[in-house]
Structures are given as structure tokens and as C-alpha cells.
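> Quick one: structure below, then a few questions.
The values are calculated or read from the model by the stated rules, or taken from the named source; none is laboratory data. Quick caveat, the model's predicted, so the values are computed rather than measured. Neighbour counts are summed over all protein chains in view; Cβ atoms, including those assigned to glycine, are modelled from backbone coordinates with ideal geometry.
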Amino acid sequence: MYEFEMTRPTTIADAAKALGDEDAQALGGGQTLIPTLKQRLAMPSALVSLGAIPEMKGVCMSDAGEVCVGGATPHAVVAAEATAYPGLAGLAAHIGDPAVRNRGTVGGSLANNDPSACYPAAALASGATIVTNTREIAADDYFQGMFSTALEDGEIITEVRFPVPEVSHYEKFVQPASRFALVGVMVAKFADGVRVAVTGASEDGVYRWTEAEAALSASFSADALADLAVSGDGMISDLHGSGDYRAHLVKVMTGRAVAKAA
Amino acid sequence: MEKFGKSQSVKRVEDIRFLTGHGRYVDDIAPDGALRAYVLRSTIAHGVIEALDVADARAADGVHMVLTLGDLEAAGVGVALQATVVTNRDGTKGAEPERPLLARDRVRFVGEPVAFIVADTLAQARDAAEMIELEIADLEAHVVVEPGGEMLHAEAPDNLAFDFGLGDEDAVTAALDTAAHVIKVPVDDNRVIVNSMEPRGCYAEPEGADRLHVSVNGQGVWGTRDKVAAMLGLDKAQVRATNPDVGGGFGMKAMDYPETLLTAYAARALGRAVAWMSDRSEAMQSDNAGRDLNSVATLGFDADHRLVAYRVDTIANMGAYNSEYAQPIQTELFSKVLPGVYDLQAVYMRTRGVYTNTTQVDAYRGAGRPEAIFVLERAMDAAAREMGVDPFELRRINFIRPDQFPYTSATGQPYDVGDFDRVLTRVMAEAKVAGFEERRDEAAARGKLRGLGLCYYIESILGDPAETARVDFEEDGRVAIYVGTQSNGQGHETVFAQFLADHTGIPADRIRVVQGDSDLIAKGGGTGGSRSVTVQNTATLATVAAMVEGFTAFLADAEGVPASDVGFDDERFRIAGSNLTPTMLEVADMARAAGRDDLLSVSKRTKLDNRSFPNGAHVAEVEIDPETGVVTVERYTVIDDFGNLINPMLAEGQVHGGVVQGLGQALTERVVYDEDGQLLTASFMDYGMPRADDVPMMYFDTEATPSLYNPMGMKGCGEAGTVGALAAVTNAVQDAVWSRGIREVQMPFTPHRVWQMLRQAAA
């Protein structure tokens, strides 16, 4: 780790101001950034912790019936408190291990947009709204490829609003070593249709599997997927799984998610 | 229970210390103010060093020393680590290329130490390392475990380290030529990274006027002391080596490493304490790796399915250099159990060692014996399948029978006792083998493939057969026992204190176990080869006998009776015609009061003529999800013959740990080097250590035939679990996929690899 300055602002405004400095970096729960720093793979001059801002923490319901999660809310709190959205709470409950869940935050996960992270699948499958200190971004517009999002430099995710589906489930096939998602599929059935978001698999990061959405909107059962084929082209291929394997798992995990959706 | 084994499951006294953060690990006890060392390692697998300029690093803040190989040579110290070599089939010696402490002109693996930086803080040392100018011109990397490729060492044409043979090749060839059945089986034994919970570390500090103390988390202190003395040109008496609490060694920490010697040199040269601690990825790149060999087994059977011949041809990876004991492992140590538990005299093995641009390979829990048993038991399983014989029955009809003991194995091992049939019968009952088909059908109904696998293993205990025990009665009424073994976390303190307590009546909580200090203990064998409890307790028994003899004579003298009127019953001395029944501690006080200090420190050294041969049966039952390739171990049953048990709970714990290491290698642990020699699995993000939820509850029990070779009748148990697990799991996986037409399975069974195997079979 190289030396850096560290600030812990208590308001969003102060945090945004601190992030205006060149080479300043936002610090959420640090579950990606801290290991990166320890390996000397990043050299920010200043870290701006978002962990001391009360207005960015907690889970509540909006008037529109959305589950609203503060950007600095740790996974463990979502797992315990997002009871109105069991699919989301279940996803949060299985991220990493207890230490990760007590530190890592929804805002940090979505801002980093790791291609193997779980939350991007929840946000995309839910059609969530990413609220920042300057605007609101629809999930469909937010994810722009591996580690790439619509966020501007210094922009802070203050809240994520998740519409609550009728039924949903997140099915994760873990990479055996890291236990990140090798393939994770979130299926969410709304009154106006089914959304299916896939994480871990694609070289373009999280994406919606629109063929499955159409099939499941017509008939919400694993059998509805039988005739669909997933191509290995454009899928991540590494020592834990070829593109073909991931493509195969996308279909298997989607079927299992549908079967378990409640 | 037997006379010399009290067989009590006493709980581990040292765990209080370990579990409450009071362990004294090397990084906890480095002296205040110790300088911190950092190693600059090669990031290139194979290349020529064209530039190495450390001038800026030397001038950096807080830096006290930057070492390159040239600096060591200029200082006139020894720069090469020594290694044992084997004898080739043609009578010549295995290759002995230099293994320098720091790279000499060339780098040969990613992680090879190039420069050693010592600074006030670790951050300063790392900063300085980044200022070192290192230019390396790439050479082709040789990564596959085969001879040939870009040459690493001029001393080893074709990258061949050795070509070892053992057995009667002509007899085996003749027997195979006429055998009714010949089965040939390729068996890959994948490389593992050891990953002791505590990575390697050490510190060194000047002690007194002209001495050096080197503390390292090793498996014994005397080799370290000798190597440091030789390297620095000191007398052995000038070096004190210690091992504090050690968080796992598994053979990996039995060998000495460049960092320890460099730290010792730096402390001596600077006249200050210097400490070095490996981080995890550094450990994964630089710790001796394990296994990594590919074999082809050929078995010959007669028409009645009795073994007539066995041949194994192996290529074993040495990594880039000879590690200290690497050459003997897949050769001499492999041969110890080559024919396993079978009545078979025609055997031959050939092993070729090859150098590759990977981290050096050396001992890993079992060191050669798990590898040999894995090959044999895979081959036996394959033979049973091919010949249409039940795998359990094929073992049974080929076992050495109880009436054949003592039995000299085909590779000269003097098996003393064994009742393999009894163990097999018991394991079949406990594993509910009879109900397996029903469980398989039930799994099939759920879309799962279920398989059952057996391994019948035998172990040959290794390590130094001699050991010393010294017992001191201290003035505060406590007793110290000095041992030459070294706990790496196995529970030695509990076992050795309890054993002494059982045989002397001294309360265990009054006994402290002293280990790992070359100033306090002149000689010892450390931990390794499943030796510790057997050799140490044998020495303790001899010491206790000497204590009893000395105190008996003392009491007889004091009471004016013949020595034959004084007896000791493991609790108290009893004197004919006297009401005096002193305990050993009380006699020690009497002796001290009488000025008989010679009775208060007693030491004996014993040597076992023969080692023991633990054996047993492991049965694994796995289930495979064909949709994902995930393999889960559903049931795991172990029946071992460890002879008499000293502490059954700790023995079972050793089996649990060993089995989990075996399951890890079989299911999750996969080392991947790319074609350029980059280690792709250099962190736990990519290297899959087994976790608690990967492991089933295990059934464990024993069927004992006490060993005849030591007074306790015990057999070592430290490595056995690993020896049995590899083949049991692999055979179970083979069984599960047999119905899919798959006739060859190779570890590790990661989901992706299993899925690919199933898909290829379906195509």
C-alpha cells in the first residue's frame, strides 16, 4: 500500500466536494479497493470514505412501493432488512462471506461493476433506479460493460431503488476458488413481464437475456427455456470455465432460478 | 488397553493459546525495532538478466542493505543451497545444477529471488525494490512436465534431472508377457500449492558477542543451524536456531529456503535484528510445491485375477531447481510402498525427473507414498473394471494374508503385522457398501450420477528413527521434557506431557514440553514422515526407565534396603516393609535435598530398528451434477489400522486433516501455469482451497494390529489420511461416470473439467 490521505465526510455534499480533487478515490466498503491498494495496484492520493454519511445508509420503502437501499448500506443489512423483496435479500445474503457482507456496500458494488459481482444482476433484473448525487439513472442505461458505468468522475451512488417483482430468485454458480459468480442469473417476474439479468458470464459485463425474458413472459416455467440456445461467443473464458461452459450454465442457472422463484 | 498406550482423548492444552490470540508465531515475536526485509522476485519465468542496478534502492530512505548474488559472493559467504540427489539407472548421479540464494545471471521461475532489501520498515523496503532496475531478456519457458524443451541448466540436457529405476525389470517384463490380463492406466497426480495457514517467515538477531539467533517457522532447528553456520563460516556453536509456534508445515517447511539464510546473513552483517515474512501470493510463488507427476501403471494378472507383475513409469516435476529433498521423493520414497498391501514380488518402477520453469517441488504430506498408493489403487480399480471383477474383491484376493507376516515386500520393506481383510470387511460394513446400488438409483432419479470408490493404502513411516528425551526436575516443582520433534500444530505438547504423566504419575499440568531450540536441545529429528509420537515416546519411555532406576537406587540407599525391595507402579514408589510411598516429584525433592542433582536431569536417546506400517481403507461416495459438473462427496468412511492409539481424538484429527488435503487436491486445488510460465493461480481468488462445506462428515474408526517394532505397538498417523483420499475420491468419480462411457478420469475434478469430460463423452 502506498501512502494516501483519508477523509470521512458526513454529508453527501462534502463527499462530492472531496472527490473533486484530482486523484481522489471514493471508498465504499473497500472489498475491491483495499486489496488492490495492498497489492500496490492503485495509487490514489486521497480516499474519500462514504461510510460515515447517515443519509446514505439503510433500507426503506418508497411511496411507489420500491425497496430503497442507501448507497453505503452493507450487504448484511440488505439481507436482513429487504424483507419486502426476498429475491434481493437472498442475493445479498450469499455475497462473499460474513466479513465481506458486513463491509461491502451496494453502492460500491454497482460503482465498480465487476463482471462477477452479484448486485448488478439484481439492479438490472429489477429495473432499478440508480440515484446519484446529481441525477437518477435507469439500470438499463447504467451498465456499460465490464467495470464501466454511466457514472461520471466523482459521482456518488446515494441510493438504489428496486421495484419489487411478484416473484424472483437469484441463482449463483460460484467460481470454486473465489466464490464470486462464475454465472449468476436473477429472474424477476413483474406484472408486465419477466426480466432476466446475467452476471459473471459475458465479456460485456451484466446483461439481460432477452430471449429468455420473452419465453418466460409467455410461460413462467423452466420448460419454457428448453428450445433456447446460448452462444459461447463473447462469453468470458478463463481457467475456471470456457465461454461454452458459461453459456451452458446461463441456461441451467436460469432454469433453476425460475424453479426456485417465489 | 495395552501396557504402554493409555489411549485417552485428552484435549489439546495448547489450543487455549492458539485460539485466544496468544500463540507465539514468528511474526508475533520478532524483536522490537527489527529491520524488515523484502525480496524482489522475478516476474519472468525464464530469461537472462541483462541489467540489475540497485544503486537507487541502496540510496533510498530507510534502506540499510540491498543484496544481490554478487554482493554475497564478494562477502565470501556460501551462496548455493544443497540438495540430495539420487542414483540414475546407469549408476551415475542425478543432476546437481546450482541453486543460488539469489538469481545468478538468469531467472528460471516466476517468484525466484533476485535481490534482498533490508530497511527500517517493510513499506520502505518495498519502495526501494521498485527502484531496482532489472532487465530480463526472455527465453522460451519450459512448463510441460516432460523432458525436452528450452534447456534450464547446462548440467541437465533435455531438462532431465535424473532417470531412476528400482526392481527387477526383466522379471516384470517376462511376467507381463505371459500374464492372462494386462491393464495399462495413465494416472496424473496434479500439482498443489501447500498453503500452510501461516506463511513462511523468520527473523535473525545477533546474540551476545559473537553468536547469531535465527528463528524460523520450520519443522526442526538443527538443519537450519547447520546451514546458517556453513553459509556464514561460523561454528555450529555460534548459531542458535529456534522454531516458535508454527502454523502448519506439511513437509513444505521442512526444507530451508533462501530467505532464511539471507535474513541470517543480513542480521550478522548489519549487527541488527532483521525480520522477513512472506505474504500469501509470495508464498504461492515461492514455497516448495507438492506432487506434480504423471505416471503410467501396468498391472499383470493371472487367469484367477491374482497379481503377477506391476510396473510404473513416472515423470516427476522438479520445478526449476533441485529443492533440498526433491529427487528422493518420487523415487526412493515412492518405492517404499510401491506394491502396497498386495502379495506381489515382480515390480519395477522408473522415474524420470524433469526441470521446468516453475517453482521448485519437494515434500508434501506423505512425500512419495501418497503418490505411489494413488497410482497403484487407481490401477487396481481400473483393472477390476476391465476384468469385470468387484473392486473390493480384487483387493481381497490379492492381499498379503495375516499368516504371511512378517513379510518382506518386493521393495524390501519389512511389514511386521497387518490384517487387511479385517479392515476391508469393516469398512464395507461402515460404508454400507451393500446399500450403494439403492443410493445410486435414488440419485439417478434426481438426475445425479453417484459413484463409490475404495482405496486400500499402506504407509511407511519415515524420518529419523532416533530421538532423545530429557526430563529435568526444576526447582519450582515443575518438570520439563525436552523433545527433538517439532510441533507444527498437531498437539505435541498435550501428547508428550500426557505420556510422561501416564508413566511417571507427575500431573500433566506440572509438565512443560520444550522443543525447537538448538541451544537447549542438542539433537533431534523434527517433524516429518509421521514419526513424532512413535520416536519421541519411545525415547521418553527409556528416559522414564532411567529415572525410575536412578530414584530406586536412591531410595534403596536412603532406606537401607536392597534395590529389589523398591518398586514403582507408574504412580508411586513402594518400599517393602515401609509406609513410605513417595511420588516421583517427592523423590525428586528428596534427591535435591540430598544434593543428588545428578538424578534431576535424565536424558536417553533411542533408535528404532524398524518403522511401522499403518494401513487402512478409505471409501468415498460422490455425487456428480451432470448439468454443472459439480462433484460433492456425500459419504466418507475410514477404517485405519494405526496399531495402538496414544490419543484417539488427535489421531482422528490427523485423519480428518489429511483427508481434507486429499479431497482438496482431488476436487478443488488446481495449479495453472500458462505457456509463458506465469502462475495464474497465485491467490485464493483463483486457487481453490477446500472449505468446510466441501467436506462431508467422516466416519472414522480403527481395527488395530499393534506394531511389533516399538514398545507402544503404535503406527504413525500424520500422513495416512492424505494417502488414502486421492484414490478413494478418484475411483468414486470414475465409478460415477462409468455409465457415461468414460474410461479415464484425471484429477482435479473441478466443475469445468468434469463438465467437459461428460460433454466429450456425450459427443
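> Quick test for you: out of B:Ala443, B:Ala431, pick the one residue that is more than 22 Å from B:Leu307 (Cβ to Cβ) and either in contact with a Phe, Trp or Tyr (Cβ under 8 Å, 6 or more places away or on another chain) or of a type in the set (Ser, Thr, Tyr) (or both). Don't jump to the end; show me each part of the working.
Working: B:Ala443 fails: either in contact with a Phe, Trp or Tyr (Cβ under 8 Å, 6 or more places away or on another chain) or of a type in the set (Ser, Thr, Tyr) (or both).
It is B:Ala431.
> Right, here's the next one. Restricting to the range B:604-644, name every residue that is surrounded by fewer than 19 Cβ atoms within 10 Å (Cβ to Cβ) and more than 14 Å from chain A (Cβ to nearest Cβ).
B:Arg605, B:Lys607, B:Asp609, B:Asn610, B:Glu634
> Within the range A:156-186, how many residues are without any contact (Cβ under 8 Å) to a residue 40 or more places away in the chain and either assigned by TED's automatic domain parsing to the domain that holds A:Thr105 or farther than 24 Å from A:Pro74 by Cβ (or both)?
At the first step, the residues of the range A:156-186 found to be without any contact (Cβ under 8 Å) to a residue 40 or more places away in the chain are A:166, A:174.
The next check asks that each one be either assigned by TED's automatic domain parsing to the domain that holds A:Thr105 or farther than 24 Å from A:Pro74 by Cβ (or both); those that pass are A:166.
Looking only at that region, the number is 1.
> Return yes when B:Glu621 is in the same structural domain as B:Thr408 (by TED's automatic domain parsing) and more than 30 Å from B:Thr408 (Cα to Cα) and no when it is not.
The answer is yes for B:Glu621.
Here is a yes/no grid of residues against (1) closer than 25 Å to B:Pro157 by Cβ; (2) in contact (Cβ under 8 Å) with a residue 24 or more places away in the chain; (3) surrounded by 14 or more Cβ atoms within 10 Å (Cβ to Cβ); (4) touching a helix residue (DSSP H, G or I) at 6+ places or on another chain (Cβ under 6 Å):
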residue	(1), (2), (3), (4)
B:Gly23	no, yes, yes, yes
B:Ile29	no, yes, yes, no
B:Leu40	no, yes, yes, yes
B:Ala55	no, no, no, no
B:Leu72	no, yes, yes, no
B:Thr87	yes, yes, yes, no
B:Glu112	yes, yes, yes, no
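> Go through (1) crowded, with 17+ Cβ neighbours inside 10 Å; (2) in contact (Cβ under 8 Å) with a residue 40 or more places away in the chain; (3) within 30 Å of B:Gly525 (Cβ to Cβ) for B:Phe554 and report which single condition fails.
Of (1) crowded, with 17+ Cβ neighbours inside 10 Å; (2) in contact (Cβ under 8 Å) with a residue 40 or more places away in the chain; (3) within 30 Å of B:Gly525 (Cβ to Cβ), only one is false for B:Phe554: (3).
> Pick out the one residue from A:Phe180, A:Phe143 that is within 14 Å of chain B (Cβ to nearest Cβ) and within 19 Å of the chain's Cα centre (by Cα).
Values: A:Phe143 fails: within 14 Å of chain B (Cβ to nearest Cβ).
Sole residue among the options that is within 14 Å of chain B (Cβ to nearest Cβ) and within 19 Å of the chain's Cα centre (by Cα): A:Phe180.
> Which residues, taken from the range B:657-694, are more than 30 Å from B:Glu140 (Cβ to Cβ) and away from chain A (no Cβ under 14 Å)?
Within the range B:657-694, B:Gly657, B:Gly658, B:Val659, B:Val660, B:Gln661, B:Gly662 qualify.
> Another question, then. I need the full set of residues from the range A:212-233 which are away from every other protein chain (no Cβ under 14 Å) and either touching a Ser or Thr at 6+ places or on another chain (Cβ under 6 Å) or part of a helix (DSSP H, G or I) (or both), in order please.
Let us first name the residues in the range A:212-233 that are away from every other protein chain (no Cβ under 14 Å), namely A:212-221, A:223-224, A:227-229, A:231, A:233.
Within the range A:212-233, A:Ala212, A:Glu213, A:Ala214, A:Ala215, A:Leu216, A:Ser217, A:Ala218, A:Asp223, A:Ala224 meet the criteria.
> Where residues in the range B:88-107 are closer than 16 Å to B:Val39 by Cα and in a loop (DSSP other than H, G, I, E, B), which of them is farthest from the other protein chains (Cβ to nearest Cβ)?
Step one: list which residues in the range B:88-107 are closer than 16 Å to B:Val39 by Cα, which gives B:100-104, B:107.
From what's left, in a loop (DSSP other than H, G, I, E, B): B:101-104.
Details: B:Leu101: 25, B:Leu102: 22, B:Ala103: 22, B:Arg104: 27 Å.
Result: B:Arg104.
> Could you please let me know if B:Ala727 is away from every other protein chain (no Cβ under 14 Å), touching a residue at least 12 places away in the same chain (Cβ under 8 Å), part of a helix (DSSP H, G or I) and over 25 Å from the mean Cα position of the chain (by Cα)? Please lay out each step first, then the result.
On the way: away from every other protein chain (no Cβ under 14 Å): yes; touching a residue at least 12 places away in the same chain (Cβ under 8 Å): yes; part of a helix (DSSP H, G or I): yes; over 25 Å from the mean Cα position of the chain (by Cα): no.
Spelling it out, it is not the case that B:Ala727 is away from every other protein chain (no Cβ under 14 Å), touching a residue at least 12 places away in the same chain (Cβ under 8 Å), part of a helix (DSSP H, G or I) and over 25 Å from the mean Cα position of the chain (by Cα).
> Which is more than 14 Å from chain B (Cβ to nearest Cβ), surrounded by 15 or more Cβ atoms within 10 Å (Cβ to Cβ) and within 17 Å of the chain's Cα centre (by Cα), of A:Thr73, A:Thr7, A:Thr32?
On the way: A:Thr7 fails: within 17 Å of the chain's Cα centre (by Cα); A:Thr32 fails: more than 14 Å from chain B (Cβ to nearest Cβ).
Of the residues listed, the single one that is more than 14 Å from chain B (Cβ to nearest Cβ), surrounded by 15 or more Cβ atoms within 10 Å (Cβ to Cβ) and within 17 Å of the chain's Cα centre (by Cα) is A:Thr73.
> Could you run through the range A:96-113 and say how many residues are in a loop (DSSP other than H, G, I, E, B) and either under 15 Å from A:Ala139 (Cα atoms) or out of contact with any helix residue (DSSP H, G or I) (no Cβ under 9 Å at 6 or more places or on another chain) (or both)?
Within the range A:96-113, residues that are in a loop (DSSP other than H, G, I, E, B) and either under 15 Å from A:Ala139 (Cα atoms) or out of contact with any helix residue (DSSP H, G or I) (no Cβ under 9 Å at 6 or more places or on another chain) (or both) number 2.
> May I ask you to verify whether A:Asp192 is over 30 Å from B:Thr681 (Cβ atoms), surrounded by fewer than 24 Cβ atoms within 10 Å (Cβ to Cβ) and away from chain B (no Cβ under 14 Å)?
yes
> Out of the residues in the range A:236-256 meeting the condition of being farther than 18 Å from A:Ser221 by Cα and more than 10 Å from chain B (Cβ to nearest Cβ), tell me which one is surrounded by the most Cβ atoms within 10 Å (Cβ to Cβ).
Here the answer is A:Ile236.
> Among the numbered criteria (1) within 14 Å of another protein chain (Cβ to nearest Cβ); (2) within 25 Å of A:Met146 (Cβ to Cβ); (3) surrounded by 21 or more Cβ atoms within 10 Å (Cβ to Cβ), which one does A:Thr199 miss?
(1)
> May I ask you to list the residues in the range B:490-523 that are on the phi > 0 side of the Ramachandran plot and touching a strand residue (DSSP E or B) at 6+ places or on another chain (Cβ under 8 Å)? Write out each step before concluding.
As a first pass, look at the range B:490-523 and keep what is on the phi > 0 side of the Ramachandran plot: B:491, B:505, B:516.
Across the range B:490-523, the qualifying residues are B:Gly505, B:Gly516.
> Restricted to the range B:161-181, and to residues that are buried (at least 18 other Cβ atoms within 10 Å of the Cβ) and among the aliphatic types (A, V, I, L, M), which residue is farthest from B:Asn317 (Cα to Cα)?
Here the residue is B:Ala179.
> Take residues that are closer than 28 Å to A:Leu124 by Cβ and tell me which of the strands (runs of 3 or more DSSP E) falling wholly in the range A:1-92 contain 2 or more. Step through it out loud before you land on a result.
Numbers: elements: A:5-7, A:24-27, A:46-49, A:59-61, A:67-70.
Result: A:24-27, A:46-49, A:59-61, A:67-70.
> Next question, about the same structure. Restricting attention to the range B:224-246, report how many residues are surrounded by 18 or more Cβ atoms within 10 Å (Cβ to Cβ) and either at pLDDT below 95 or not β-branched (Val, Ile, Thr) (or both). Reasoning before the result, please.
Step one: of the range B:224-246, the residues surrounded by 18 or more Cβ atoms within 10 Å (Cβ to Cβ) are B:224-225, B:227-229, B:231-232, B:238-246.
Filter once more, so that each one left must be either at pLDDT below 95 or not β-branched (Val, Ile, Thr) (or both): B:225, B:227, B:229, B:231-232, B:238, B:240-241, B:243-245.
Going through the range B:224-246 one residue at a time, the tally reaches 11.
> Something else: Check off (1) away from every other protein chain (no Cβ under 14 Å); (2) more than 20 Å from the chain's Cα centre (by Cα) for B:Glu652 and give me the number that stays unchecked.
The failed condition is (2).
> If you don't mind, another one. Which of the numbered conditions does A:Gly154 fail, given that it passes all the others? Conditions: (1) at pLDDT below 95; (2) within 14 Å of chain B (Cβ to nearest Cβ).
Of the numbered conditions (1) at pLDDT below 95; (2) within 14 Å of chain B (Cβ to nearest Cβ), the odd one out for A:Gly154 is (2).
> For the range B:671-683, state whether one or more residues are surrounded by fewer than 19 Cβ atoms within 10 Å (Cβ to Cβ) and either of a type in the set (Val, Ile, Thr) or under 21 Å from B:Gln498 (Cβ atoms) (or both). So that I can check it myself, show each step before the final result.
Initially, the range B:671-683 is screened for residues surrounded by fewer than 19 Cβ atoms within 10 Å (Cβ to Cβ), giving B:672, B:674-676, B:678, B:680, B:683.
Keeping just the survivors that are either of a type in the set (Val, Ile, Thr) or under 21 Å from B:Gln498 (Cβ atoms) (or both) gives B:672.
Yes, some residue in the range B:671-683 is surrounded by fewer than 19 Cβ atoms within 10 Å (Cβ to Cβ) and either of a type in the set (Val, Ile, Thr) or under 21 Å from B:Gln498 (Cβ atoms) (or both).
> Could you list all residues from the range B:689-733 that are surrounded by fewer than 23 Cβ atoms within 10 Å (Cβ to Cβ), within 14 Å of B:Thr632 (Cα to Cα) and of a type outside the set (Val, Ile, Thr)?
Correct list: B:Pro690, B:Arg691, B:Ala692, B:Asp693, B:Asp694, B:Pro696, B:Met697, B:Met698.
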